[in-house]
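Take a look at the structure set out below.
The values are calculated or read from the model by the stated rules, or taken from the named source; none is laboratory data. Computed from a prediction, not measured in an experiment: that's the story for all the values here. Cβ sites come from the backbone with ideal geometry, for glycine too, and all protein chains shown count toward neighbours. For accessibility, only protein heavy atoms count, side chains too; no ligands or nucleic acids. Shrake-Rupley method; radii C 1.70, N 1.55, O 1.52, S 1.80 Å.
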Amino acid sequence: MTDDSMIPEMRINDIQTIDPSASPNPSDYVAVKISGKPEVVICQYKKLSYTSSEFELMTLNDNWPNITVNDNVQVEIIGRVVQNTRCYF
């Protein structure tokens, strides 16, 4: 983790293990690649509707914006976070 967008659940320097074969369920943490941004980010997955493909990527820190994913935003879900390891350095 390189930023504080997911504090308090995940902290800077924590290490996430990602399962690329696991499909996300609502409230899962996911690793995503957003078009036009160089880094991979960790967010919480929120499905907006059962009848729509739209979903939202939530941050836990209110100082970071949530991202609503629709036809105007290209996002690749790399995988689901299956483990968070806390690092104390």
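Summary table
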quantity	calculated
Residue 74 being surrounded by 10 or more Cβ atoms within 10 Å (Cβ to Cβ), of a type outside the set (A, V, I, L, M) and modelled with pLDDT under 85	yes
Selection within the range 45-89 - farther than 13 Å from residue 34 by Cα, of a type in the set (S, T, N, Q) and assigned to a strand (DSSP E or B)	83, 84, 85
In the range 50-66, the residues that are closer than 14 Å to residue 26 by Cα and among the hydrophobic types (A, V, I, L, M, F, W, C)	55, 57, 58
Index of the failed condition, residue 59 passing every other in (1) touching a Pro at 6+ places or on another chain (Cβ under 9 Å); (2) open to solvent by 80 Å² or more (accessible area, probe 1.4 Å)	(2)
Residues within the range 24-40 that are in a strand (DSSP E or B), open to solvent by 30 Å² or more (accessible area, probe 1.4 Å) and under 19 Å from residue 13 (Cβ atoms), tallied	2
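Residue by residue, here is whether (1) touching a strand residue (DSSP E or B) at 6+ places or on another chain (Cβ under 7 Å); (2) under 15 Å from residue 7 (Cβ atoms); (3) modelled with pLDDT of 90 or more; (4) among the β-branched types (Val, Ile, Thr) holds:
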position	(1), (2), (3), (4)
21	no, no, yes, no
30	yes, no, yes, yes
45	yes, no, yes, no
53	no, no, no, no
63	no, yes, yes, no
